[in-house]
Amino acid sequence: MRVSSLHDKLAANGAVFGGRYGIEVVSGVAGLSTEYGYIRNGAGLTDFSFMQMYSIPEDAAVTVLDELFAGNIARVRFGRMLHTFLADDDGHLIADCYIANNDEEFIIVCESIVSDTALHEFFERKGAFKAGLKDITGEHVLLSVDGYQAWAVIKERFGVDTLGLPYLSIEVYQFNGVDVRLFRAGKTSEFGYLVMAPKEAGEGLFDALLASVRKHGGGLCGVSVHNDLRLEGRFFNIHAEGLSVRDPLCLGLQWMIDFDKEKFSGKEAVDKRREAGLAKKIIGIRSNAGPELFSVGSEIYNSGRPVATIEAACYSPTLDCRVGLALFPVDIAYSGLVFRLGSADGPAVATISMPPIMPRSLTVKLDEM
Amino acid sequence: MDYKENISMNQEYVIDGEMRKTIENRKAIIDTFKQELISRLNLPYKPQDLHEDISLLGAGLGLDSLDALEIVVCVENSFGVKIPDSNISVLRSINTIVDFVISEKAQKGEQQ
């Protein structure tokens, strides 16, 4: 199992570990409710070093990456990032990715549902390493700072000009004399940043960021709370609905695809399914039912028959009910309908418009500070 | 690896009158709005490519503040309802805009 170079530091701070695809992750630290509060009201620090990281020289990047990823790499301007995905030859999701244009290099950060070895073999098979792609996962740590006050943490560490970074951008800053790459990203619907640093600077950076998030009413978090925050904010989660559905079209990820591109991995299959039209798609649901009924795999009934299945579920502290995503036939995949959960006469479950909450961060204008 | 195929469940289900009415009313607004959005913002998508929950600003479609202004005008012209300047929450997704339009039309007593 691949273990984060921050493992001992994380363990000393109370981290509870789990594993995904042969990679260790921090599942939780202070409990879901506490960590939720950190991010919605203050700031949370999470080790995202489980993600797979790659770099490729700028002169080779556009050609190589454009033939692999669904988005249009050629349109990623200097200092900006693209949020897109990687699919297999059948057009099924492998990884949810950020691709950043950092001047002389492009950086690829993947959150995948395959092991390091499988992803490596995929890129190998596609000839990406021969063309200049380099796996930099083992040489770096990746820390995620998220929350209503995350901007203040980042400003404190890297300076006031970080306030001007637009969403989906990359910039290089110094930390203790070492270059670190700062990505403005995040999937919690609050402010979010990823900080990529050389492994040698990882522990110092971790300590500094943890001190800052604590100062701003936050603390260390695990990935479980991120699963819930993504769902509440209707950010795509490859580890939840992405893993079970895998079809980017049913998942509503068309916005990550440049359909005019001549080639990307899985394009033929995706185009074919797009041409045929969708039979099912994923939409939001909520219910006052408990987790024993409202959970992944539960069936949703209409007029006595099962019509949909829950693909992602969590308790929403903001809404004080359970929310989720379910895969419905397209002709009834509309918000504002009421169905039954678990059986023909089960409790009510309503289809809802997503995202169902209004995050506080949306009311803050960093560029006006 | 298991996954859910994009194929029909091949089972019959009943859409009762009230549900059908809700769907038809919502679908009409969605269809109109998507067409207008694609046309006004010159988006490289077909209407069926735009999931109704997709985030419009920032993540998702990644529209900017000028685009947001265009959306406000688009909603006003297409449905005769005005999104207040202060109500940024309406612009979170196509679905939240449609909810707002339905709610405003209901308040005006227009036929649903």
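At a glance:
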read-out: Every pair of residues 6+ apart whose Cβ atoms lie under 7 Å, when the first sits in region A:76-98 and is without any contact (Cβ under 8 Å) to a residue 24 or more places away in the chain while the second is part of a strand (DSSP E or B) and surrounded by fewer than 24 Cβ atoms within 10 Å (Cβ to Cβ); value: none
read-out: Flag if A:Glu275 is within 13 Å of chain B (Cβ to nearest Cβ), in contact with a Ser or Thr (Cβ under 7 Å, 6 or more places away or on another chain) and either among the charged types (D, E, K, R) or in contact (Cβ under 8 Å) with a residue 40 or more places away in the chain (or both); value: no
read-out: Condition check for B:Ile102: modelled with pLDDT of 95 or more, facing chain A (nearest Cβ under 9 Å) and in contact with a His (Cβ under 9 Å, 6 or more places away or on another chain); value: no
read-out: Single unsatisfied condition, B:Ser78 versus (1) more than 12 Å from chain A (Cβ to nearest Cβ); (2) assigned to a loop (DSSP other than H, G, I, E, B); (3) touching a Ser or Thr at 6+ places or on another chain (Cβ under 7 Å); value: (2)
read-out: Flag for A:Glu299 being modelled with pLDDT of 95 or more and of a type outside the set (Lys, Arg); value: yes
read-out: Lone unmet requirement of (1) closer than 19 Å to A:Gly233 by Cβ; (2) not in a loop (DSSP other than H, G, I, E, B) for A:Met354; value: (2)
read-out: Region A:248-266: number of residues that are within 17 Å of the chain's Cα centre (by Cα) and part of a loop (DSSP other than H, G, I, E, B); value: 5
read-out: Any chance B:Ser89 is out of contact with any Lys or Arg (no Cβ under 7 Å at 6 or more places or on another chain) and within 14 Å of another protein chain (Cβ to nearest Cβ); value: yes
read-out: Number of positions in region A:278-304 that are charged (D, E, K, R) and exposed (fewer than 14 other Cβ atoms within 10 Å of the Cβ); value: 1
read-out: Odd one out for B:Asp67, checked against (1) in contact (Cβ under 8 Å) with a residue 24 or more places away in the chain; (2) under 15 Å from the mean Cα position of the chain (by Cα); value: (2)
read-out: Some residue of region B:42-60 being aliphatic (A, V, I, L, M), more than 11 Å from every other protein chain (Cβ to nearest Cβ) and without any contact (Cβ under 8 Å) to a residue 40 or more places away in the chain; value: no
read-out: Residue in region A:243-262 that is buried (at least 21 other Cβ atoms within 10 Å of the Cβ) and more than 11 Å from chain B (Cβ to nearest Cβ) present; value: no
read-out: Selection status of A:Val178, in the same structural domain as A:Glu24 (by TED's automatic domain parsing) and more than 19 Å from A:Val225 (Cβ to Cβ); value: yes
read-out: Search result, residues across region A:137-156 that are in contact with a strand residue (DSSP E or B) (Cβ under 7 Å, 6 or more places away or on another chain), farther than 20 Å from A:Val225 by Cβ and not hydroxyl-bearing (Ser, Thr, Tyr); value: A:Glu139, A:His140
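The values are calculated or read from the model by the stated rules, or taken from the named source; none is laboratory data. What you see is a predicted model; the values in this text were computed from it and never measured. Reconstructed Cβ throughout: ideal geometry from the backbone, glycine too, with neighbour counts over all protein chains shown.
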